[in-house]
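Let me begin by presenting the structure, written as structure tokens, before commenting on it.
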Amino acid sequence: MRAAAGNVTPTPWWRRLLGKKGQPRLSRSEALGAYPVRNRLVDWECNEAGEAVLKVPRRDSGWIRWVARFFSLPRHREIVLDEVGTLLWTLCDGGKTVEEVVRLLCKRYRLNYRQGETSVTLYLKQLAERRLIAFAVRRQNDL
């Protein structure tokens with residue numbers, strides 16, 4: 001049975017944040033209670049301007065190894081984060097929940113909660129899609 005176009009409900013952001021097909025979906029409270037954790041394989045340092053420079057190792061899949069034989073490919077790529085990105089990156093230490101990160105960002109940049117929540121969750125989602133961070137989730141039955 002097919003739903004009418006006017007009856008289609010978009011998926012809320014907190015369900016799209018962490019859930020992929022085949023993985024359990026999170027409720028909004030679980031998503032905001034998740035702990036963002038940096039990928040251990042990504043080295044980082046701050047440059048002179050105070051920006052975080054991430055050094056992401058190259059994935060050595062079959063065709064990349066083949067191309068690397070003929071061309072000089074770097075072992076890692078660098079990503080430079082701006083001021084807000086650097087702040088969020090440093091807060092992704094596994095010690096603060098997404099909600100705590102949102103509140104810190106709102107306080108520092110004088111945003112209302114909704115603006116801060118939207119900005120932080122979208123940015124963290126982008127970092128997660130690039131495999132720079134992951135989320136640790138404490139479920140009710142884990143307590």
Exercise. Which one of these is at pLDDT below 95, closer than 19 Å to residue 128 by Cβ and not β-branched (Val, Ile, Thr): 100, 30?
Worked result: 30
For this session: Look through the range 126-143, keep the residues that are under 11 Å from residue 31 (Cα atoms) and outside any strand (DSSP E or B), and return whichever of them is modelled with the lowest pLDDT.
Result: 139
For this session: Test residue 84 against the criterion of being in contact (Cβ under 8 Å) with a residue 12 or more places away in the chain, more than 18 Å from residue 32 (Cα to Cα) and surrounded by 11 or more Cβ atoms within 10 Å (Cβ to Cβ), and give yes or no.
Result: yes
For this session: Restrict the check to the range 50-68 and report whether at least one residue is in contact with a helix residue (DSSP H, G or I) (Cβ under 7 Å, 6 or more places away or on another chain), within 30 Å of residue 28 (Cα to Cα) and modelled with pLDDT of 90 or more.
Result: yes
For this session: Go through the range 74-125 and give me each residue that's within 22 Å of residue 47 (Cα to Cα), assigned to a loop (DSSP other than H, G, I, E, B) and in contact with a strand residue (DSSP E or B) (Cβ under 7 Å, 6 or more places away or on another chain).
Result: 75, 81, 92
Exercise. Would you say residue 121 is at pLDDT 95 or above, polar (S, T, N, Q) and within 13 Å of the chain's Cα centre (by Cα)?
Worked result: no
Exercise. From the set of residues in the range 104-136 that are polar (S, T, N, Q) and touching a residue at least 60 places away in the same chain (Cβ under 8 Å), which is nearest to residue 92 (Cα to Cα)?
Worked result: 121
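The values are calculated or read from the model by the stated rules, or taken from the named source; none is laboratory data. Everything numeric in this text was worked out from a predicted model, so none of it was measured. A quick note on method: Cβ atoms are made from the backbone with ideal geometry, for glycine too, and the neighbour counts reach across all protein chains shown.
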